[in-house]
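Worksheet: the structure to be examined is printed underneath.
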Amino acid sequence: MITKLILKYIFRVENEFVFFLGEKQQKGALLLTVKSKEIWKEESRRKKIKCLINFKWSPTKPTLEKLVKRLFLEEIFGIPGKDYADELFKLTSWHNTKNWKFDCLTESDKLKVNGLNGMTTLTRIRFAEITSPYLHLNLQLLSPEICFLSFPMVVKIPITSFAHYLDIHFEFAVNSIRKSNHPEADDIISYLYELLNIQQKIAISLHEYLRLTHYAQLKKGDALFINAEINAIMAADLVFSYLKASIEKTVVLFGLTFSIKNLESKKTHKQKVDSLLNNLPIEIKNLPYCDFVFEFIKSENLDQLNNYRSGLLHKKGISDLQPHNYVNAEAQKIPLIKIFNILHEQHSKNTATLVAVLAMLTDVLVKMDAPNISMEEIIELFDK
């Protein structure tokens, strides 16, 4: 309270400051609002005393830069060393030094952009208010080579974050797809929109699932069965469906990138994968991140997910998701954490796979519409 009065009546500064990431204040640029008292806290004692004596304060540049970066990392980019946070902060800052043009968007594209942007804003707020280190995808640890692809991708499909889900500059990506005149642009944009939407639905569902699990562990006590356990079971059912849909749509997007159509009409996952293998150009098959995609989407690697997904419809159900494993069971012995680990691991794999597919889409877009940026300039960012 005292700090607030000092800032308002002695220093007469605004209650909040708005900071943009990068050099330009343009539509779609990342920004955050910081309370003036949070900035004041970062100042040294010596600086505070000096300001109080002089009845004047303005934040120092080093203090602001350090605080703003920390807040951007916490709210959007994630944990350095685990979420590729420092690198994506640097890359997105550079991306925002460029003038963006969105003159190729259709009215339908604009509706999708506004819808996804609105959802992304709410999702970011949710994770900024309450989160857990267990929700981070840790892609830098799981797939560092896939994380690196974000640097060449920035010219067409800029990645903002994959801390909890894949977050891209969607408006810029859609405009890039339209500008390239890709023959499958309509379908590619529709599938990309759906996939990014599902990514956030999975992240939100896992957020709620973990909250319910924590609540059940704290509150179950001697109760036979509590609502939090039932709600968590239902949330898990939903996430398994989202994860399966995510893989299926990623496979179709992969095909559309190279004008391989009608994959969604194939009856089995194996048929879709076989059709991809049979129709992809040989030079694409030789890409290391193409091998990465096929390794994750092959049927053997999806067995556990498929077993859970199909088990929901089986007359005997899934043991881990049935009431008898919860009634009268001690809070620490219920299988909710086991299920969370399965869901979270698959979400991480799905996200890495989608990034690799989008990297190949970027390659195609660059060939169709070469950017006015040299790859050397981008790689220099990585080396800084």
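Only the coordinates and a few stated rules stand behind these numbers; no lab work does. All values derive from a computational prediction rather than experimental measurement. When we count neighbours, we look across all protein chains shown, and the Cβ atoms used for this are built from the backbone with ideal geometry, even at glycine.
Tabulated values for the structure
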| item | result |
| --- | --- |
| Links that overshoot a 23 Å alpha carbon limit, given the list Lys110/Lys244; Lys98/Lys201; Lys27/Lys98; Lys244/Lys349; Lys261/Lys367; Lys249/Lys298 | Lys110/Lys244; Lys98/Lys201 |
| Positive minus negative residues near Asn175 (Lys, Arg vs Asp, Glu; Cβ under 13 Å) | +4 |
| Which of Cys104, Ile39, Trp94, positive extreme of dipole for the range 38-110 (C-beta unit charges) | Ile39 |
| Neighbour net charge for Thr106 - beta-carbon separation under 14 angstrom, K R +1, D E -1 | -2 |
| Hydrodynamic radius of the range 23-66 per Kirkwood, over alpha carbon pairs, in Å | 12.2 |
| Pairwise FRET efficiency - Thr33 versus Thr97, Cβ, R0 = 25 Å, nearest 0.05 | 0.70 |
| Label-to-label distance, nm, for residues given as Glu107 and Thr60 (7 Å Cα→Cβ offset) | 5.6 |
| At R0 = 41 Å, FRET efficiency that the Cβ-Cβ distance of Asn231 and Gln25 yields, to 0.05 | 0.45 |
| Rounded to whole Hz, the Karplus (6.51, -1.76, 1.60) HN-Hα couplings of the range 123-134, x for glycine and proline | 5, 4, 4, 4, 6, 6, 6, 9, 8, 8, x, 6 |
| Rough spin-label spacing in nm, given labels placed 7 Å along Cα→Cβ, for Asn117 and Ile284 | 3.1 |
| Cα-based shape type of the range 71-158, given that a ≥ b ≥ c are square roots of the gyration tensor eigenvalues and the cut on a/c is 1.5 | oblate |
